[in-house]
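Visitor: Before I ask anything, let me first share the structure, which is written out below as structure tokens.
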Amino acid sequence: MSAPVVIPPDPGLGTAWRIFRSLVWRTSLASGYASAALIVVATSVIVFEVVVRYCFGWATDWEIELCVILLIIATFLGGGYTVPRNGHIAIDVLDHLVPKKVNLWRYLCADLIAFGFVVLLTWKSWKFFHEAWVKGWRSESTWAPVLWVPYGFMALGLTLLGLHYIVHLVEERALPIFRRPPEGSDQQAAAAEPYTPPSGAGA
């Protein structure tokens, strides 16, 4: 079982940043727990559908679509919670092949690209939400739920993800690069150390 996410210490970037990061962290944690709760609800709905259909013969047409909507909402709401856990897909084959300082720059560039992608998706999601709200878009199923609900939560989740990326980029990526460690410290020495393969490793 992975350790729970805890809010890291304030890096000392001023009062405005401290308030901003606190709001982002607390919102991300709350959205993560909400995402987990929605998955439990979706699972319960599926169990209900199976029981009433096969035990009582009830004809139902809303459970599957509701679960799809709930899982979409859960996926996007959980995005911000996943960032501090480094839970998004990553390839770490280069981590042990280059010096730590190079890795820091590589992480920063990769996260900037990811942040740009999140910004684009956020803008498109809010646009879809607005159109669904104004035009009254509905699903084409017999249940026909309104579509502004999943689009709205998609946009909200991506917005929270983008805000947490800002905190992540500043504190976890930029500060280790641009805030110099004290002269002669272990951090300064480790940044220049190349990777040394373990004894007995093949070429």
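Visitor: Inside the range 15-46, can you point out the residues that are within 13 Å of PHE76 (Cα to Cα) and among the aromatic types (Phe, Trp, Tyr)?
Guide: Within the range 15-46, TYR33 is the sole residue that qualifies.
Visitor: Could you tell me which of the residues SER22, SER31 is modelled with pLDDT of 85 or more, polar (S, T, N, Q) and surrounded by 14 or more Cβ atoms within 10 Å (Cβ to Cβ)?
Guide: On the way: SER22 fails: surrounded by 14 or more Cβ atoms within 10 Å (Cβ to Cβ).
The unique qualifying residue is SER31.
Visitor: Quick one: which residue in GLY79, GLY57 is under 22 Å from ILE166 (Cβ atoms) and either in contact with a helix residue (DSSP H, G or I) (Cβ under 9 Å, 6 or more places away or on another chain) or surrounded by fewer than 15 Cβ atoms within 10 Å (Cβ to Cβ) (or both)? Working first, answer last.
Guide: On the way: GLY57 fails: under 22 Å from ILE166 (Cβ atoms).
Just a single option satisfies the conditions, and that option is GLY79.
Visitor: Right, another one. Please give the helices (runs of 4 or more DSSP H) falling wholly within the range 113-198 in which 1 or more residues are at pLDDT 90 or above.
Guide: On the way: elements: 148-168, 175-178, 186-191.
Ranges flagged: 148-168, 175-178.
Visitor: Within the range 54-94, restricting attention to residues that are assigned to a loop (DSSP other than H, G, I, E, B) and of a type in the set (S, T, N, Q), which residue is farthest from the chain's Cα centre (by Cα)?
Guide: Going through the range 54-94, the residues assigned to a loop (DSSP other than H, G, I, E, B) turn out to be 56-62, 78, 86-94.
Still in the list and also of a type in the set (S, T, N, Q): 60, 86.
Numbers: THR60: 34, ASN86: 9 Å.
It comes out as THR60.
Visitor: When the residues of the range 99-153 are narrowed to those that are in contact with a Leu (Cβ under 6 Å, 6 or more places away or on another chain) and under 21 Å from VAL83 (Cβ atoms), which ends up surrounded by the fewest Cβ atoms within 10 Å (Cβ to Cβ)?
Guide: LEU121
Visitor: Under 6 Å by Cβ, and 6 or more places apart or on different chains, what pairs join a residue from the range 13-25 that is in a helix (DSSP H, G or I) with one that is surrounded by 16 or more Cβ atoms within 10 Å (Cβ to Cβ)?
Guide: Partner pairs satisfying both residue conditions: ARG21/VAL167; VAL24/LEU163; VAL24/HIS164; VAL24/VAL167.
The values are calculated or read from the model by the stated rules, or taken from the named source; none is laboratory data. Because the structure is predicted, anything quoted here is derived from the model rather than measured. Note: ideal-geometry Cβ built from the backbone for every residue, glycine included; neighbour counts use all protein chains shown.
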